[in-house]
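To start, the structure itself, in structure tokens.
The values are calculated or read from the model by the stated rules, or taken from the named source; none is laboratory data. Note that the coordinates shown come from a computational prediction; the quantities given were computed from them, not determined experimentally. Counting neighbours? That spans all protein chains shown, and the Cβs are built from the backbone with ideal geometry, glycine included. Protein only, heavy atoms only, side chains kept; ligands, DNA and RNA dropped before computing areas. Shrake-Rupley method; radii C 1.70, N 1.55, O 1.52, S 1.80 Å.
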Amino acid sequence: MYGMIHRGLRALVIEELGEAQWRDCEHQAGLGAGEFISVRVYDDEVTFNLVQIVAVRLGLSIEECLRKFGAYWIRFTADGPYGAMMRFTGRDITSFIGNLDRMHQSVLMAMPEARVPSFSIVDKAEGLVRVRYASERDGLEPLVAGLFEGLLQRFELQGSVEQVDCQGKDPEFLVRYHAKDGGP
Amino acid sequence: MNIAVNDADLALLFPSYVRVDAGLRVVSCGPALSRLVPAAVAGARFGEVFKEEWACDSARVHAMAAARKAIRLSSRSCRRMFIGSVIPDGDGALFAINPTPMSIGCDDPVLQLSDFEPGSPIVPAIILLGMQQALIDEAAEAALELVKERQKSLGLLERLSRLAGIFAHDFNNLLSVMALNAKCLQRDAALQGQSRRQIDILGEALDRGADLTQSLMVIAQQRHDSRLPTSIDRLLAENLDIFKSTAGRGIALSLDLRDEGAVVEVSKTGLVASLVNLIVNSREVTTGCGTIRISTRLKDAGAAPPAPGVRCGEGRYIVIEVIDNGPGISEEAAARAVETFRSPSRLAGGLGLPSVHDFALEMEGFIAIGAGRGGGAAVAIWLPVASPSPATGETAPGDESRALRPARARILVVEDEPLALEALGELLEGLGHDVELASGANSARAILAQRPCDILLTDIVMPDGSGIDLANWASGVRAGIGVVLMSGFVPDASGLRGEWQFLRKPFRQDLLREMINKALDARSGPA
């Protein structure tokens, strides 16, 4: 996965547990400054190993950690140097999700070795969007659920994210939302 | 050929499209245009939505459509421009247009990706520019973090150095007292048998302790002292105990010294500190057990291995090599080892190879990294030879005395540590000199104002003034006075006069006698 994920994990641990705990994680994972270059792609094993270590530190299961990180990732990206790119990707939750694939295609021009997921809106209505998620990687559905939860927060919405059973096909998520003041 | 498309298809192909009728009223527009230009609603006059003169002229619009002209449109209600082309659409016209970003990169406050048609090259251009800017910001942030980390490390190192220096200096003073008194006891012929052996053991232990504190003070200074002509073999031998302490119990550290008497002009502090760094690195990669060998050899410039970014000058070099029996280092790692953000040993407690590299360059040499002969890693510091003549500085004992030197000198001893002052006084009296004692610079000045002395033997660092300042003052009021400075620290040579002598604490009695004689020889007459 690309180094930006590592940077996000680092920021999460520092925010939740402090710099000293992060240093321990870094040491335990055998990482150095070279593993935190945003646009460089690293072996998935490096990333998953780090996620496992962080999960233990946070006292969470791997799935809980991925979901928490997914939500945090949205905030981390929006507040950091890639915030402008996020804003350009979409100004509301449906536009953002609908434009993700196109954004990823542009990113691939700079990072051709990256393996990016795909998000397709299969249905939408007022306060609801159903998204199909496709990826070469397995086991990241909790992360995706967290991402959608992060998007709800980003666009100042309240709602829920539910993974829908699709009987062996690509997983789908149902994102229900409404404005925080109770409006549509 | 006609293709039937509806408004939904148009919205997909051209998110910012506008259809107008024959009277130039808006029929429909794409979702992006509706969002960016809220005034563009069905029924609105085209000329009231966009500023261009021709937007109100139906004949011109139809002519442009027939010619499939490229056009530019500027919104009246907001600062937004669109570019594209216009084609006939029945009696009206279809404008297939794209918004233009208001700024380079992703910083446009309103635009989003889906405002552009699917194949628009503007989108990847904007994304890539945004990534570029983000990477620049990230690099700046990383550089700042690196600077802060280095400052923290340097700050900590400085505090530790100061603490170590203060400790070493004070302990050094006490060690001087013990050493001088031990020497006095050793001169007592009445001591025999067991007592003689005990006193000899005490003397030897004090000598070794003196070597350790001197090395500690060298490292504690952590700055490059003056570049002095130095015998590398002698320097390494003198600091063997500190090297062994650094390596630790599990490591067998040995010296293989063959500099053939050559001399280099080098900062002793810097060289010892660099070797300590290399030993720390070797200790870490050998995981605390193994061997480290430090060797010196004299080599020609032609034998030098290629060192990236370094021009090896002509002449001869002393090569100081630290070789361990650890896992070794790959060629790639060796080539990148001196990068400032990376060290082969992440766990190293020292500053790493970059500081050793910088030191070597400062001394007009360089470092070479490679594989040791028996596996392991070998780091070599190449330093240019200064001259074949023997090192000057601290004189070897047993120097010849001159016939004109008075047998009995008047020596003013200035030392703020009372026990050391007393011990020095007794020692010098034991050597047959007349001694006056002063506990600081002020009392020394009072004594010299009243009566002359042959020699001023003074500590440098004292609470009421510097010994160097005192010596300069004394040389003014008592012309020809011989000066011997003493300290645990090596002073900056630029503040010293050529005829002065310097004794490094703790010193041996024979060296003290020698310095006194040299100071007497250097005087130009009675003070």
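Quick notes on this one:
- Debye equation applied to the C-alpha atoms of segment A:31-183, log10 I(q)/I(0) at 0.10, 0.11, 0.13, 0.14 Å⁻¹: -0.37, -0.45, -0.64, -0.75
- Pair-distance profile P(r), taking every C-alpha pair of segment B:107-216, with 5 angstrom steps and integer %: 2, 9, 11, 9, 7, 6, 6, 5, 5, 5, 4, 4, 4, 4, 4, 4, 3, 3, 2, 2, 1, 0
- Charge dipole (the protein assembly as shown, unit charges on Cβ, about Cα centre) - positive-most of B:A423, B:A65, B:A4: B:A65
- With viscosity 1.567 mPa s and temperature 4 °C, the Kirkwood radius over alpha carbon pairs of the protein assembly as shown converts through Stokes-Einstein to a diffusion coefficient of 40 µm²/s.
- Share of Cα-Cα pairs in segment A:128-184 lying beyond 19 Å, as whole percent: 30 percent
- What the phi angles of segment A:164-172 give under the Karplus curve with 6.51, -1.76 and 1.60, with θ = phi - 60°, is a coupling list of 9, 6, 10, 6, x, 8, 4, x, 10 Hz, glycine and proline written as x.
- Taking a straight Cα-Cα cut-off under 26 Å and skipping sequence neighbours fewer than 8 places away in the same chain, the lysines within cross-link reach of B:K152 are B:K268.
- Rounded tilt (10° steps) of B:353-362 against the dominant C-alpha axis of chain B: 70 degrees
- Cβ-Cβ FRET estimate between B:K152 and A:R23, R0 fixed at 22 Å, reported to 0.05: 0.95
- Each DSSP beta bridge with both residues in chain B is either parallel or antiparallel, and the antiparallel ones are about 65%.
- What you get for segment B:99-168, charging only the Cβ of Lys and Arg (+1) and of Asp and Glu (-1), is a dipole of about 720 debye around the Cα centre.
- Cα Rg, Dmax (largest Cα-Cα span) when computed across segment B:16-124, Å: 13.3, 39
- For the protein assembly as shown, the solvent-accessible area with a 1.4 angstrom probe is 49 square angstrom per residue.
- Mean ellipticity per residue at 222 nm, deg cm²/dmol - from DSSP H runs of n ≥ 4 across chain B, formula -39500 (n - 2.57): -13500 deg cm²/dmol
- Local net charge near B:G248, Cβ-Cβ under 14 Å (Lys/Arg +1, Asp/Glu -1): 0
- Counted by Cβ distance under 15 Å from B:L94, the other residues give a net charge of -2, where Lys and Arg count +1 and Asp and Glu count -1.
- ³J(HN,Hα) computed for each position of segment B:241-246 - Karplus, 6.51 cos²θ - 1.76 cosθ + 1.60, integer Hz, glycine/proline x: 5, 5, 5, 5, 4, 5
- Two numbers describe the Cα atoms of chain B: Rg and Dmax, which are 40.4, 131 Å.
- Straight-line reach from A:K169: taking Cα to Cα under 21 Å and skipping same-chain neighbours fewer than 8 places apart, the lysines in range are A:K124.
- Top positive-direction residue, dipole computed over the protein assembly as shown with Cβ charges, set B:L485, B:L175, A:A78: B:L485
- At 0.692 mPa s and 37 °C, Stokes D of segment B:436-522 from Kirkwood alpha-carbon radius, µm² per second: 253 µm²/s
- Karplus-derived 3J(HN,Hα), 6.51/-1.76/1.60, for each residue of segment A:50-67, Hz, glycine and proline x: 5, 4, 4, 5, 5, 4, 4, 4, 7, x, 10, 6, 4, 5, 5, 5, 5, 5
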